[in-house]
Amino acid sequence: MNRDHDFIVAGAGMVGSAIAMGLAGAGRRVLMLDGADTDYRAAKANFGLVWVQGKGYGNVPYQRLSHEAARLWPDFARDLERETGIALHYENGGGLHFCVGAAEFEDRATRMRQWDANTPELPDSIEMLDRGALVRRFPMLRLGDAVSGASFCGRDAHVNPLRLLAALQAAFLRRGGVLLSRRPVENIEPRAGGGFVVHAGADRYAAANVVLAAGLGTRALGGMVGLDVPLRPQRGQILVTERLAPLLPVPASGVRQTGEGTVMIGLTQEDVGYDLNTTAAAAARMSRKALRVLPDLAGARLVRQWSCLRVMTPDGRPVYAGSAQYPGAWTALCHSGVTLASFHAGPLARALEGGALPATLDAFHHERFDVSQAA
Ligand SMILES: Cc1cc2nc3c(=O)[nH]c(=O)nc-3n(C[C@H](O)[C@H](O)[C@H](O)COP(=O)(O)OP(=O)(O)OC[C@H]3O[C@@H](n4cnc5c(N)ncnc54)[C@H](O)[C@@H]3O)c2cc1C
């Protein structure tokens, strides 16, 4: 048996690494156990948006949570860069959602008005820019003829997600945390007097708390500690071009130019189980869509196409929950782990450290689901 820890975090992806970093910063002894190289790792294959606009449409707590995370991001990014020396390529000049045709522009305006109205305590976040206003705001944009305008949200941002993951883990290690890779958690035994024994291969680790943040791998672990969550994978495919001269000043939903100059084009939302294949049909669809907005992309060479699986709950909202049956067991799951990283490393880690989730997170408890679906 290895020495006791205050927390064992299962999963060193985007969610686990952020939480573990926050816990280690509070002086807790934290062990993070990560899975195999063949695991599904959304942390290493995502789009890198820190996105607010439209997030949580139809679900106000999720909308508020996204606003809160975006508000925390600038300080979070600055502090993380200072602590680790890793440049995150975080840019928070806002984000666009392009509209093609007049009807799409009107629909978007109606939808975003309704969305903004759900949070009367916050200043409105969306500006609808018709084509003329869009070009005046961003004169460098060379738009396709059919673009009618865009919704703009000044709180949207983007970041290099690989650098973000590396920085979260570097900060965790600097703060005294221990990270063991290729050591997947296989079993969690609640101890009679409280706490847990975590089995990973031949090793056993004891801790007062366990945090299940293993993405899709959490499905296999939750039932051991009364935290069954009915997760499903959702495939997202992405294309990336060679490096190009600047052509998109701020990120947009479905297309963004990275700090290195490459342009990422996406994204599909496909319910195909655990199938990680990429498809020519998706590549053609995404390319056509991007070209309608930014025709200059026609001359760009595509250098890569990949797919990865989102960690989806039945209603698409995050899950933050403690186990009623086994106090000290927690779980955190979401499909916006980049956007929410500032919240996970800050307020969520502090709440876990204090031993209770705030009432504002009640809406994210897993008991909202029929757990018989979790099997
Ligand atoms: C195509 C695509 C685009 C996306 N774009 C965005 C975006 O623009 N903005 C945004 O905010 N979010 C985006 N996301 C979502 C974001 O990537 C995820 O929300 C985030 O990565 C989830 O983090 P996670 O830690 O839960 O899971 P992951 O990042 O998948 O990590 C899970 C980790 O758990 C480990 N693991 C598995 N089983 C075990 C076990 N038994 N024991 C220990 N460890 C285990 C794995 O090895 C892995 O390291 C996107 C996702 C996809 C698929």
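The values are calculated or read from the model by the stated rules, or taken from the named source; none is laboratory data. Computed from a predicted model, the values in this text were never measured in an experiment. Reconstructed Cβ throughout: ideal geometry from the backbone, glycine too, with neighbour counts over all protein chains shown.
Of the set (1) free of Cβ contacts under 8 Å to residues at least 12 places away in the same chain; (2) of a type in the set (A, V, I, L, M); (3) under 30 Å from Asp362 (Cβ atoms), all apply to Val60 but (1). The single residue among Arg71, Arg108 that is more than 22 Å from Val178 (Cα to Cα), more than 16 Å from the ligand (Cβ to nearest atom), touching a residue at least 12 places away in the same chain (Cβ under 8 Å) and of a type in the set (Lys, Arg) turns out to be Arg108.
The combined condition, being in contact with a strand residue (DSSP E or B) (Cβ under 7 Å, 6 or more places away or on another chain) and assigned to a helix (DSSP H, G or I), is not fulfilled by Leu291.
Would you confirm whether or not the range 330-341 contains a residue that is in the same structural domain as Leu165 (by TED's automatic domain parsing) and away from the ligand (no atom under 12 Å from the Cβ)? Within the range 330-341, one or more residues are in the same structural domain as Leu165 (by TED's automatic domain parsing) and away from the ligand (no atom under 12 Å from the Cβ). Tell me, please, whether a residue that is crowded, with 24+ Cβ neighbours inside 10 Å, aliphatic (A, V, I, L, M), touching a helix residue (DSSP H, G or I) at 6+ places or on another chain (Cβ under 8 Å) and within 25 Å of Asp79 (Cα to Cα) can be found in the range 323-336. Yes; the residues of the range 323-336 include at least one that is crowded, with 24+ Cβ neighbours inside 10 Å, aliphatic (A, V, I, L, M), touching a helix residue (DSSP H, G or I) at 6+ places or on another chain (Cβ under 8 Å) and within 25 Å of Asp79 (Cα to Cα).
Just one of the listed residues (Ala12, Ala36) is in contact (Cβ under 8 Å) with a residue 40 or more places away in the chain, closer than 19 Å to Arg182 by Cα, out of contact with any helix residue (DSSP H, G or I) (no Cβ under 9 Å at 6 or more places or on another chain) and in a loop (DSSP other than H, G, I, E, B), and it is Ala36. Taking Met286, is it closer than 22 Å to His97 by Cα and touching a strand residue (DSSP E or B) at 6+ places or on another chain (Cβ under 9 Å)? Answer is yes for this residue. Could you pull out the residue among Ala10, Ala26, Ala20, Ala36 that is farther than 20 Å from Arg317 by Cα, more than 12 Å from the ligand (Cβ to nearest atom) and either assigned by TED's automatic domain parsing to the domain that holds Arg175 or out of contact with any Pro (no Cβ under 9 Å at 6 or more places or on another chain) (or both)? Step by step, each of Ala10, Ala26, Ala20, Ala36 is checked, and only Ala26 is farther than 20 Å from Arg317 by Cα, more than 12 Å from the ligand (Cβ to nearest atom) and either assigned by TED's automatic domain parsing to the domain that holds Arg175 or out of contact with any Pro (no Cβ under 9 Å at 6 or more places or on another chain) (or both). Give, as residue ranges, the strands (runs of 3 or more DSSP E) completely inside the range 160-226 that count at least 1 residues that are away from the ligand (no atom under 14 Å from the Cβ). Correct list: 187-190, 196-200, 203-212.
Each row is one residue, and each column tells you yes or no for (1) within 23 Å of the chain's Cα centre (by Cα); (2) within 11 Å of the ligand (Cβ to nearest atom); (3) over 22 Å from Gly222 (Cα atoms); (4) surrounded by 14 or more Cβ atoms within 10 Å (Cβ to Cβ).
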| site | (1), (2), (3), (4) |
| --- | --- |
| Asp275 | yes, no, yes, no |
| Met286 | yes, no, yes, yes |
| Pro295 | no, no, yes, yes |
| Ala298 | no, no, yes, no |
| Leu302 | no, no, yes, yes |
| Arg310 | yes, yes, no, yes |
| Ala345 | yes, no, no, yes |
| Leu348 | yes, no, no, yes |
| His366 | yes, no, no, yes |
